[in-house]
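Chemist: Please read through the structure below; I'll follow up with questions.
Since every read-out is calculated from the coordinates, none of them should be taken as a lab result. In this text the structure is predicted, and so the values were computed from the model without any measurement. Glycine gets a Cβ as well: all are built from the backbone with ideal geometry, and neighbour counts include every protein chain shown.
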There are 2 protein chains.
Amino acid sequence: MAGAVPPHEADPGTATLAAFAAGLRWEDIPRQVRHEGKRALLNMFATALAGCREPAVDKAVAVMSPFSGAPAASLIGRGERRDAALTAFVNAMAANIHDFDDTHPPTIIHPTAPVAPALIALAETEGRSGVDLLRAMIIGAEIACRVGNAVSPGHYARGWHITATCGVFGAAGGTGVLLGLNAEQQVWALGNAAVQAAGLVEALGTMSKSIGVGNAARNGLLSALLAREGFSGPAEPLAGARGYLAVACDAPEPGRLVAGLGSDWELARNTYKPYPVGVVLNPVVDASLEIAGRPGFRADAVASVELTGHPLLRQRTDRAGVRTGRESQVSAQHAIAIVWRRGQAGLDEFSDAAVAETMNAGRPVVRFNDDPARDIASVAMTVRMRDGSEHRAEIAAARGTEGNPMSDGDLERKLVALAGHSGFTGDVAALADAVWSLDQLPDAGALARLAAPATRNPAQ
Amino acid sequence: MAGAVPPHEADPGTATLAAFAAGLRWEDIPRQVRHEGKRALLNMFATALAGCREPAVDKAVAVMSPFSGAPAASLIGRGERRDAALTAFVNAMAANIHDFDDTHPPTIIHPTAPVAPALIALAETEGRSGVDLLRAMIIGAEIACRVGNAVSPGHYARGWHITATCGVFGAAGGTGVLLGLNAEQQVWALGNAAVQAAGLVEALGTMSKSIGVGNAARNGLLSALLAREGFSGPAEPLAGARGYLAVACDAPEPGRLVAGLGSDWELARNTYKPYPVGVVLNPVVDASLEIAGRPGFRADAVASVELTGHPLLRQRTDRAGVRTGRESQVSAQHAIAIVWRRGQAGLDEFSDAAVAETMNAGRPVVRFNDDPARDIASVAMTVRMRDGSEHRAEIAAARGTEGNPMSDGDLERKLVALAGHSGFTGDVAALADAVWSLDQLPDAGALARLAAPATRNPAQ
């Protein structure tokens, strides 16, 4: 079977990846990876519900709806239906807009947002089964992350928004699986994706970012639909001399496209964020929560805070003066202050209102000690009180990192919290149940419809 | 006025380009440039009529029509209507598919295919005047070519399909002009375009190529429509440290975005192809036609051919054994043989059938002499006959190059020839008249509808 291609014999090219996608059976996917696919989907619905009423999403729906065909698929949390292409675009935007979606640590790709919405929209439109959807989603994520592996770290460092640029390959390959494309057609689907891979790091923090992620889903979907009708492309769109890898990366490693294919699963490395902050801040939030819970701890009695962590912690989060919710997601000073005021770290704690609150009430003085030997997921926090006493917390592996993953229960609680945050009027428990039993669902459209009911709240 | 920004005072950034686009009046555009805009449009209609029934276009229309909104705009030469976004996509594909469209020599961008179809579709949908369309098209081409200047020659050499990657900026900026965006909104439109700039040289010669060109038109249109509704992007999507220029080119020259803005017009450099061949072959076709017309010349009495030209002529066109119409567009041996058999060099002469004809009947033996001092537009041809006599032809500047441009009459004859080739059922003369008098047309939609009638022939 394709799943058994030995790593050292595989040709590091698109054809190998395409044959793998075309040939893989559900039985070839390890049980743990199948389950990770469900976890990724649950998390995707959570973040899409949280993001589906952001101004950028509202504007995109308003501007692009006149260019939608007949309504055939469900916009998550909006109570509206559009054609599969626009639905894929909008749901991908929503799922990624807060950067609260999943992360593939080796590449920092958010794999599910650009991939799953394309597949869910098509599955709803064409009435595919849950197991077909899940298989396609797992292979799509695999392809996106493997393309990402082959261009990392140079690609992102050069300025390409890797979730968007590599996501389109995953959406194309995953759609190809759902459509039952053969290996040759899968090469074409990936070629059609290669000419649509786009997105810039420069756009992060702006509405434009979301176009790249939405396009990855929409254009991946269309790439495979075109390939099914014989719309053909280059023989080696990825690993060729002028294939995407070489053009978009100064030192690509084509061998990583296929190394361990079918045995090492990229989705098995997937992680989920407990807090809507830059990943380097996760251990700081953990430490702040831990100290906040100690008997007798009073934030207004703190004199100063000392953080010892990887140098990236200081470089990315030493931001005492942030003024917007978005900026606050990478401010250690705000994160500590708001956690100590509210005892939690959800989306509401990184809103413009929360930032105004810590700006008025004061943020702690924080001293950063660089320790390059530390893992990025760890931190030591020392809190000096005005009375001379100290609180110390040592976080070895922050929640949501590979060493301390979110449990299934954590992910369900995240879904419930974000559905509540958005005022979701649907049945959250039924949605979660449908995800956990997706491989037994005869019609994946039922899943999409469970996530469709409108949210009550406008953007946070 | 914006048109008078002195080159050395202009900040080499998106804001300057955006302010120029937002502020430029029709009166600021030189008469020659206005006329060049019409010539470019006439040529675009010609090549779109020739390409509108290619298999890739048929497949794209079939696959993507379910994702079109209400029909509001005309597909050139197909007798069908779709929403403005899909219409822009399809017409751009058709206009460029044979690479028979216009060329901006400094960058090798085909500027009109990715830009004009977006504007024509919107003008038809929203009922804009001909002068507004022409102004927008001229500025759109200007922006596409200036972005191209700033990333040339490294960008194409790296493997980016420059017509697609830079075309989306032109389509966005041009659409912004048609929508009356202010300078800030124009920056957003260009930012929304920057995250959608894509396309690979690797895809040339395959159907996938046309996705990039179609997307440039469609996505540029949407970029500006989104910007109008406040969908915002980065402040410096082009010339910033991580802006598009730096990410997609190893040695960008941001100053070229704005040098001579309003005085040096890129469209004034535009060229048009008389023959559907690689530009380096143009002088060879000219020489072959000249010799074919001499009294007493008989192709079956030729012993051998000698070509003295720029080394690129040999490198790109010494291909005696080509087997497909597409390959034949860069084969000197086929070009000479078919011109001598048929006395002309139109699309039919570079079809699969024509290639079979010269393969069966025989192609001349050609010897190439490299002369690096020669202009790429020149060639010396010596034909040795079996009886020992010789024919010599010296082409100093091939037809269709900057030194020997196609006349207005040449372009009209090209339109008539390609409309005939495609079996266009519309009124060609009325279409040409509408282009020449576009600045007096109250409703640019009338122009679009003149090009809409179906062609009779399937793909060549």
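Chemist: Rounding to the nearest 10 and keeping the result within 0 to 90°, find how far the Cα-based axis of helix B:162-179 lies from the longest principal axis of chain B.
Modeler: For B:162-179 against chain B, the angle is about 40 degrees.
Chemist: For the stretch B:103-119, what does the Karplus curve 6.51 cos²θ - 1.76 cosθ + 1.60, with θ = phi - 60°, yield as ³J(HN,Hα) per residue in whole Hz, taken in order and with x for Gly and Pro?
Modeler: The phi angles translate into 9, 9, x, x, 10, 6, 5, 8, x, 7, 4, x, 9, 4, x, 5, 6 Hz.
Chemist: Compute the label-point distances linking A:Gly403 to its equivalents in the other copies; points lie 7 Å from Cα along Cα→Cβ; give nm, one decimal, shortest first.
Modeler: Inter-copy label distances (nm, one decimal, shortest first): 7.0.
Chemist: Right, another one. Could you tell me what a quarter of the Cα convex hull surface of the stretch B:279-395 works out to, in nm² with one decimal place? Let's see the in-between values first.
Modeler: On the way: hull surface 25.2 nm².
Computing the convex hull of the Cα atoms and averaging its projections yields 6.3 nm².
Chemist: Neighbouring Cβ atoms within 10 Å as the yardstick, rank A:Asp443, B:Asp132, A:Asp83 fewest first.
Modeler: The order, fewest Cβ neighbours first, is A:Asp443, B:Asp132, A:Asp83.
Chemist: State, to one decimal in nm and shortest first, how far the label point of A:Gly260 sits from each corresponding label point in the other identical copies (label point: 7 angstrom along Cα-to-Cβ).
Modeler: For A:Gly260, the other copies' label points sit at 5.4 nm, shortest first.
Chemist: Under 16 Å from the 7 Å Cα→Cβ point of B:Glu184, by amide nitrogen: which residues of the stretch B:219-244?
Modeler: B:227-236
Chemist: Here is a follow-up. Taking trypsin sites (Lys or Arg not before Pro) as candidate sites, keep only those in a DSSP loop with at most 14 other Cβ atoms within 10 Å, then name the longest stretch of chain B containing none of them.
Modeler: Answer - B:26-297.
Chemist: What are the ³J(HN,Hα) values, in whole Hz, obtained from phi via the Karplus relation 6.51 cos²θ - 1.76 cosθ + 1.60 with θ = phi - 60°, for each residue of the stretch A:310-318 in sequence order, with x given for Gly and Pro?
Modeler: Values, residue by residue: 4, x, 4, 4, 5, 4, 9, 10, 7 Hz.
Chemist: While we're looking at this one, here's another question. Using a Förster radius of 45 Å, what is the FRET efficiency between A:Gln344 and A:Ala251 based on their Cβ-Cβ separation? Nearest 0.05, please. Walk me through the intermediate numbers first.
Modeler: Values: r = 43 Å, r/R0 = 0.95.
E between A:Gln344 and A:Ala251, to the nearest 0.05, is 0.60.
Chemist: Sticking with this structure for a sec: Measuring from the lowest to the highest alpha carbon on each principal axis, how far does the stretch A:16-139 reach, largest first, in angstroms?
Modeler: Result, largest extent first: 42, 31, 24 Å.
Chemist: Go ahead and run the numbers for FRET between B:Ala235 and A:Ala157, Cβ-Cβ distance against an R0 of 30 Å, rounding to 0.05.
Modeler: 0.90
Chemist: Evaluate the relative contact order of chain A (contact order divided by residue number), counting alpha-carbon pairs under 8 angstrom at least 6 apart; express in whole percent.
Modeler: The value is 21 percent.
Chemist: Between the stretch A:162-180 and the stretch B:405-438, what's the alpha-carbon centroid distance in Å?
Modeler: About 42 Å separates the Cα centre of the stretch A:162-180 from the one of the stretch B:405-438.
Chemist: Something else about it: Nearest 500 deg cm²/dmol is fine: what mean residue ellipticity at 222 nm does the protein assembly as shown get from its DSSP H runs of n ≥ 4 alone, each adding -39,500 (n - 2.57), divided by its residue count?
Modeler: Theoretical 222 nm ellipticity from helices: -15000 deg cm²/dmol.
Chemist: Another question about this same structure. Rounded to whole Å and sorted largest first, what semi-axes of the equivalent ellipsoid does the C-alpha gyration tensor of the stretch A:335-375 yield via the square root of 5 times each eigenvalue? Numbers along the way, then the final one.
Modeler: Numbers: eigenvalues 115, 34, 14 Å².
One finds semi-axes of 24, 13, 8 Å for the stretch A:335-375.
Chemist: Scan chain A for the residue whose Cβ is closest to the axis carrying it onto chain B, then write down that distance in whole angstrom.
Modeler: A:Ala198, 2
Chemist: List the residues, sorted by chain then number, that are 5 or more residues from B:Ser304 or on another chain and whose placed amide H is less than 5 Å from its amide H.
Modeler: Distant-sequence amide H within range of B:Ser304: B:Arg384.
Chemist: Next question, about the same structure. Calculate how large, on average over all directions, the projected area of the Cα convex hull of the protein assembly as shown is; give the answer in nm² to one decimal.
Modeler: Hull-based average projected area comes out at 38.8 nm².
Chemist: What's the tally of Lys pairs in chain B whose alpha-carbon atoms lie under 20 angstrom apart, where the two lysines are 8 or more places apart or on different chains?
Modeler: Here the count comes out as 5.
Chemist: Then there's this: To the nearest 10 degrees, how steep is helix A:55-64 against the longest Cα principal axis of chain A, on a 0 to 90 scale?
Modeler: 20 degrees
Chemist: Between A:Ala446 and A:Gln315, 0.36 nm times their residue separation minus their Cα-Cα distance comes to what?
Modeler: Fully extending the segment from A:Ala446 to A:Gln315 adds 42.6 nm.
Chemist: Along Cα-to-Cβ, 7 Å out, sits the label point; list in nm, shortest first, how far the one on B:Pro66 is from those in the other copies.
Modeler: Output for B:Pro66: 2.5 nm, nearest copy listed first.
Chemist: Right, another one. Computed on alpha carbon atoms, what radius of gyration and Dmax characterise chain A, expressed in Å?
Modeler: 22.0, 75
Chemist: In whole Å, what is the distance between the alpha-carbon centres of the stretch B:345-373 and the stretch A:75-130?
Modeler: The distance from the Cα centre of the stretch B:345-373 to that of the stretch A:75-130 comes to 50 Å.
Chemist: A further question follows. With angles folded into 0 to 90 degrees, how steeply does helix A:408-422 sit against the dominant principal axis of chain A? Use alpha carbons for both and round to 10.
Modeler: 80 degrees
Chemist: How large is ³J(HN,Hα) for each residue in the stretch A:273-285, as worked out from phi by the Karplus curve 6.51 cos²θ - 1.76 cosθ + 1.60 (θ = phi - 60°), to whole Hz, x for Gly and Pro?
Modeler: Going residue by residue, I get 8, x, 10, x, 10, x, 4, 5, 7, 3, x, 5, 5 Hz, with x marking Gly and Pro.
Chemist: Can I ask one more? Provide the FRET efficiency to the nearest 0.05 for the B:Asp387-B:Ala430 pair, computing r from the beta carbons and using R0 = 41 Å.
Modeler: Computed FRET efficiency for B:Asp387 and B:Ala430: 0.20.
Chemist: Note down, for the stretch A:339-449, the three equivalent ellipsoid semi-axes (square root of 5 times each alpha carbon gyration tensor eigenvalue), biggest first, whole angstrom.
Modeler: Details: eigenvalues 284, 86, 23 Å².
For the stretch A:339-449, the semi-axes come out at 38, 21, 11 Å.
Chemist: Over the stretch A:279-395, what relative contact order in percent results from Cα pairs under 8 Å that are six or more residues apart?
Modeler: So the answer I get is 40 percent.
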